[in-house]
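I have placed the structure first, in the form of structure tokens, so that the comments after it can refer back to it.
The values are calculated or read from the model by the stated rules, or taken from the named source; none is laboratory data. Computed from a prediction, not measured in an experiment: that's the story for all the values here. Counting neighbours? That spans all protein chains shown, and the Cβs are built from the backbone with ideal geometry, glycine included.
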């Protein structure tokens, strides 16, 4: 098996450019393109579930298909959704801190 080349990522990078052109006013998110999954682009929003929601809506992802998980011993909420855009798989992930309870006060910010 030969080593991956940059040309192997061209479809994913082209989709990323297309997303930027089609949705220029959507919030900026982290982008990940990988030689391991050359047919996938991952968009991740950290501490901004509104950004996740804006992208979910723009990509036409059904809200009922979003998977909710908790990680880091219950301190981080994770929303995970998938779509296909011009033949490339998209993974949309949102991370947000879960506020901790403060004894006698309620939820701390």
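For region 32-60, which positions are surrounded by 15 or more Cβ atoms within 10 Å (Cβ to Cβ), out of contact with any strand residue (DSSP E or B) (no Cβ under 6 Å at 6 or more places or on another chain) and more than 18 Å from residue 87 (Cα to Cα)?
Once the filter is applied, which keeps residues that are surrounded by 15 or more Cβ atoms within 10 Å (Cβ to Cβ), out of contact with any strand residue (DSSP E or B) (no Cβ under 6 Å at 6 or more places or on another chain) and more than 18 Å from residue 87 (Cα to Cα), region 32-60 yields 48, 53, 54.
Here is a yes/no grid of residues against (1) without any contact (Cβ under 8 Å) to a residue 40 or more places away in the chain; (2) in contact with a helix residue (DSSP H, G or I) (Cβ under 9 Å, 6 or more places away or on another chain):
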| position | (1), (2) |
| --- | --- |
| 15 | no, no |
| 38 | yes, yes |
| 42 | no, no |
| 52 | no, no |
| 68 | yes, no |
| 72 | yes, no |
| 78 | yes, no |
| 92 | no, yes |
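For region 17-32, give me the residue count where each residue is touching a helix residue (DSSP H, G or I) at 6+ places or on another chain (Cβ under 9 Å) and closer than 20 Å to residue 95 by Cβ.
Within region 17-32, residues that are touching a helix residue (DSSP H, G or I) at 6+ places or on another chain (Cβ under 9 Å) and closer than 20 Å to residue 95 by Cβ number 6.
Every residue in region 12-31 that is part of a strand (DSSP E or B) and either at pLDDT below 95 or surrounded by 14 or more Cβ atoms within 10 Å (Cβ to Cβ) (or both), please.
Within region 12-31, just 31 meets the criteria.
Please verify whether residue 62 is under 18 Å from residue 89 (Cα atoms) and within 14 Å of the chain's Cα centre (by Cα), treating the condition exactly as stated.
No.
Inspect all residues belonging to region 38-51 and state whether any of them is closer than 27 Å to residue 4 by Cβ, more than 9 Å from the chain's Cα centre (by Cα) and part of a loop (DSSP other than H, G, I, E, B).
Yes, that holds for at least one residue.
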